[in-house]
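What follows is a single structure, written as structure tokens, with notes after it.
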Amino acid sequence: MIYYSAKEYKKKPQILIVGSGPASISLALSLEKKKVNCLLIEAGNLEYNSKLQETFKGDSNGNFNFDLRNNRIKQFGGTANVWGKRCRPLDIVDYYKWSNKKISLFEYQEEASKILHVKNEFDEKILNDNLKQIEFNYSKIDFSSFYLKRISKSNYIDVVLNSTFFKLNGEFGKFKSADIIDNNSKIKYIIKAKFFVFGCGSIENSRYLLLLQKKYKQLNQNLPIGKYWMGHFKTHFGELLADFSKLSILLNKSNYLKEGDTAAISLKHNYIEKNKLENACVYLEPNQLSKNNFNKFSKKLLCIAPEYTKHITNLFRKNLLCGTSLEIIWGQKTIRENHISLSERKVDFLDIPQIEVICNSYSEDLDTPKKLMEQLGIYFVESKIGRVHFFNINNKEKILWEGNHHIGGTIIGDNPLFSVIDSDLKVHNTKNLFVIGSSIFSRSGHANPTFSIVQFSLRLGEHLSKIII
Ligand SMILES: Cc1cc2nc3c(=O)[nH]c(=O)nc-3n(C[C@H](O)[C@H](O)[C@H](O)COP(=O)(O)OP(=O)(O)OC[C@H]3O[C@@H](n4cnc5c(N)ncnc54)[C@H](O)[C@@H]3O)c2cc1C
């Protein structure tokens with residue numbers, strides 16, 4: 001049932017989940033299957049509200065300054081009201097070292113595909129020892145309207161809208177109730193539950209855990225809450241001049257170029273580990289070459305590969321040559337200094353401290369895309385498909401930040417000095433407080449995060465339904 005104010009809600013749920021984005025809704029659906037009831041506390045309403053968006057306001061410093069109000073949405077369905085719907089699970093190389101306990105996500109892939117209405121086909125084609133071709137798929141639903149209808153009919157899931165969670169009450173890491181403020185009346189309500197889960201979205205998970213730790217002294221003071229915050233980098237690193245027919249056969253894309261289709265190639269597990277890189281992928285976006293552009297490239301190439309230049313000039317005349325832009329997306333390193341903290345002076349309209357984010361890039365962040373470009377160069381020459389033209393990007397200032405993916409801040413690990421939650425997603429040194437969303441990722445990988453956010457929520461749903469009995 002959907003409640004529009006906390007005043008109307010009189011029950012005691014087994015599990016209280018903060019937020020109603022993809023992380024929280026997937027968890028609720030998983031609990032519903034096991035007949036466990038839960039309550040989603042959502043700060044937003046059913047529509048976008050610009051006053052409420054102001055509660056995301058904060059300061060962002062470092063190399064990447066961005067307006068925190070623009071990347072997250074406070075509304076039923078969360079940021080999935082504006083997301084691009086592009087999906088792919090994390091690779092095993094991204095998460096197999098997060099804990100000594102084995103984390104397996106594959107068993108939740110089919111269910112995650114069903115929840116997001118995405119084709120469960122993430123084929124990989126091995127190109128050589130170091131590279132593989134990968135697939136992304138797109139969600140086919142309007143997430144919030146689909147799940148609003150679905151949840152309205154549920155006997156196990158309730159939602160309270162227009163209500164901001166701000167505090168937990170309990171002792172010795174065992175929490176008994178949550179304090180909620182009605183956004184309109186500013187009246188406080190207390191809701192009791194057995195388990196509490198934060199699904200507030202990546203930055204906000206750190207914000208409310210920091211509040212519990214720093215202001216209410218309810219958490220271990222050494223937990224690195226807000227630390228190791230990261231995202232994805234995205235930079236146009238060069239171009240490929242390719243024999244169109246060979247490229248489209250190789251990548252098995254018959255409509256490649258004609259319909260503006262995009263193919264993606266990424267680094268393989270062993271190569272990433274051996275070279276201590278982050279995960280990365282390159283998008284190959286073909287475009288028809290103008291005569292001017294072709295002349296520019298061929299002039300450069302003529303001195304180093306005269307025979308090859310003759311060959312491609314021939315292809316160009318027959319319209320069989322394509323230029324392909326190479327945009328690389330790669331993971332930001334997990335660095336403690338990149339972090340979220342609570343502002344000491346600024347608060348939002350509910351008197352909750354705003355946040356400050358520091359996000360910097362380092363020269364080592366260029367290692368991954370450079371190695372990927374190098375491997376692409378070798379691969380395209382060896383397979384006689386074309387030649388890669390590298391742009392001169394040697395300066396970390398040229399790295400762009402993909403501002404929509406917020407990762408880390410409450411990362412998984414076994415040691416409370418270096419992580420906030422354990423492999424069961426429980427906050428260290430607590431008995432019944434859990435976290436979901438991409439804030440839990442200890443490494444960013446390159447894939448858009450939501451698919452694996454859902455996988456982790458389903459995994460937590462299974463765990464909670466076992467321990468709640
Ligand atoms: C423009 C854009 C494009 C994107 N495209 C993609 C894409 O193509 N693919 C992809 O995988 N990801 C994409 N993302 C990221 C994606 O939207 C997020 O990964 C996803 O929404 C995270 O889900 P979540 O449930 O963890 O958090 P959110 O969706 O942010 O939901 C959190 C919810 O918690 C609520 N909340 C927060 N604090 C409180 C509180 N104190 N009390 C009560 N409620 C609270 C919020 O109102 C919100 O509804 C994109 C993001 C943006 C901005």
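Every number here is computed from the coordinates shown, using simple stated rules; none is lab data. Because the structure is predicted, anything quoted here is derived from the model rather than measured. Cβ placement follows ideal geometry from the backbone for every residue including glycine, while neighbour counts extend to all protein chains displayed.
Could you tally the net charge around residue 36, taking each other residue with its Cβ under 12 Å from the Cβ of residue 36, Lys/Arg +1 and Asp/Glu -1? Display every interim value, and only then the final one.
Working: positive: 33, 34, 35, 194, 466; negative: 32, 462.
Once positives and negatives cancel, what remains is +3.
Of 387, 150, how do they rank once you tally other Cβ atoms within 10 Å and put the fewest first? Show your work: numbers first, answer last.
Numbers: 387 19, 150 13.
Least crowded to most crowded, the residues run 150, 387.
Report, in degrees rounded to the nearest 10, the 0 to 90 angle that the Cα long axis of helix 291-304 makes with the longest principal axis of the chain.
70
Which of rounded, prolate, oblate describes region 165-252, given a ≥ b ≥ c as roots of the alpha-carbon gyration tensor eigenvalues and a/c under 1.5 marking rounded, otherwise prolate only if a/b is larger than b/c? Before the final figure, lay out the partial values.
Details: a/c = 3.57, a/b = 2.83, b/c = 1.26.
It comes out prolate by the Cα gyration axes.
From the square roots a ≥ b ≥ c of the eigenvalues of the alpha-carbon gyration tensor of region 94-158, which class results: rounded (a/c under 1.5), prolate (a/b over b/c), or oblate?
On the way: a/c = 3.86, a/b = 1.67, b/c = 2.30.
Oblate is the answer for region 94-158, as a/c is 1.5 or above yet b/c matches or exceeds a/b.
Between residue 187 and residue 395, how high is the FRET efficiency from 1/(1 + (r/R0)^6) when r is the Cβ-Cβ distance and R₀ = 56 Å? Nearest 0.05. Walk me through the numbers on the way to the answer.
Working: r = 53 Å, r/R0 = 0.95.
Result of the calculation: an efficiency of 0.55.
Suppose the Debye formula is applied to equal point scatterers at every Cα of the chain; what is log10 I(q)/I(0) at q = 0.14 Å⁻¹?
For the requested q values the scattering log ratios are -1.28.
Summing Lys, Arg as +1 and Asp, Glu as -1, what charge do residues with Cβ under 10 Å from the Cβ of residue 463 carry, residue 463 excluded?
Working: positive: 426, 459, 466; negative: 424, 462.
It works out to a net charge of +1.
Cross-link list 85/114; 34/186; 12/101; 34/217: which exceed 23 angstrom alpha carbon to alpha carbon?
Working: 85/114 14 Å; 34/186 35 Å; 12/101 33 Å; 34/217 34 Å.
In this structure, 34/186; 12/101; 34/217 lie more than 23 Å apart at Cα.
So how tilted is helix 450-467 from the main axis of the chain? Cα-based, degrees 0 to 90, rounded to 10.
Result, in degrees: 40.
Based on the Cβ-Cβ distance of residue 119 and residue 142, what FRET efficiency does E = 1/(1 + (r/R0)^6) give at R0 = 22 Å, to the nearest 0.05? All intermediate terms of the calculation are to be shown ahead of the outcome.
Numbers: r = 17 Å, r/R0 = 0.79.
For R0 = 22 Å, the calculated efficiency reads 0.80.
Per 0.36 nm of contour for each residue apart, how much would the distance between residue 367 and residue 246 grow if the chain were fully extended, relative to their Cα-Cα spacing?
40.6 nm
Using a 10 Å cut-off on Cβ atoms, rank the peptides 172-178, 22-28, 280-286, 338-344 from the highest mean neighbour count down.
Packing order, densest peptide first, comes out as 22-28, 280-286, 338-344, 172-178.
Which whole-number percentage describes the relative contact order of the chain, with Cα contacts under 8 Å and a sequence gap of 6 or more?
Here the relative contact order equals 25 percent.
With a cut-off of 8 Å between alpha carbons and a minimum separation of six or more residues, what is the relative contact order of region 278-427 in percent?
Working: 131 pairs, mean separation 28.1, N = 150.
Relative contact order for region 278-427 comes out at 19 percent.
Under a point spin-label approximation (7 Å from Cα along Cα-to-Cβ), what is the residue 5-residue 86 distance to one decimal in nm?
4.3
Starting from the Cα gyration tensor of region 1-119, take the square roots of the eigenvalues, sort them a ≥ b ≥ c, and report rounded, prolate or oblate (rounded when a/c is under 1.5, otherwise prolate if a/b is larger than b/c, else oblate). Working shown, then result.
Details: a/c = 1.83, a/b = 1.08, b/c = 1.69.
Oblate, because a/c is 1.5 or more while a/b does not exceed b/c.
If you count, for each residue, the other Cβ atoms within 10 Å and average over each peptide, how do 205-215, 458-468 line up from highest to lowest? Before the final figure, lay out the partial values.
Working: 205-215: 22.5, 458-468: 18.9.
Highest to lowest by the protection proxy: 205-215, 458-468.
Which net charge results for the neighbourhood of residue 227, defined as the other residues with beta-carbon distances under 12 angstrom from its beta-carbon, given Lys and Arg at +1 and Asp and Glu at -1?
Working: positive: 336; negative: 337.
My count for the surroundings of residue 227 gives 0.
Where in region 434-468 are there chymotrypsin sites (Phe, Trp or Tyr not before Pro) that are in a DSSP coil and have at most 13 other Cβ atoms within 10 angstrom of their Cβ?
Working: sites: 434, 441, 451, 456; in loops: 441.
Passing both the DSSP loop test and the Cβ count: no residue.
Any chance you could give the angle, 0 to 90 degrees and rounded to 10, that helix 143-152 forms with the longest Cα principal axis of the chain?
30
Calculate how many DSSP beta bridges within the chain are antiparallel, expressed in % of all such bridges and rounded to the nearest 5. Display every interim value, and only then the final one.
Values: 61 of 84 bridges.
In the chain, approximately 75 percent of DSSP beta bridges are antiparallel ones.
Would you mind computing, in nm to one decimal, how far apart the modelled labels at residue 35 and residue 293 are, each placed 7 Å from Cα along Cα→Cβ?
6.1
Kindly provide the trypsin sites (Lys or Arg not before Pro) of region 101-138 that DSSP labels as loop, not H, G, I, E or B, and whose Cβ sees at most 11 other Cβ atoms within 10 Å.
On the way: sites: 101, 102, 114, 119, 125, 132; in loops: 101, 102, 119.
Sparse-neighbourhood loop trypsin sites (Lys or Arg not before Pro): 101, 102.
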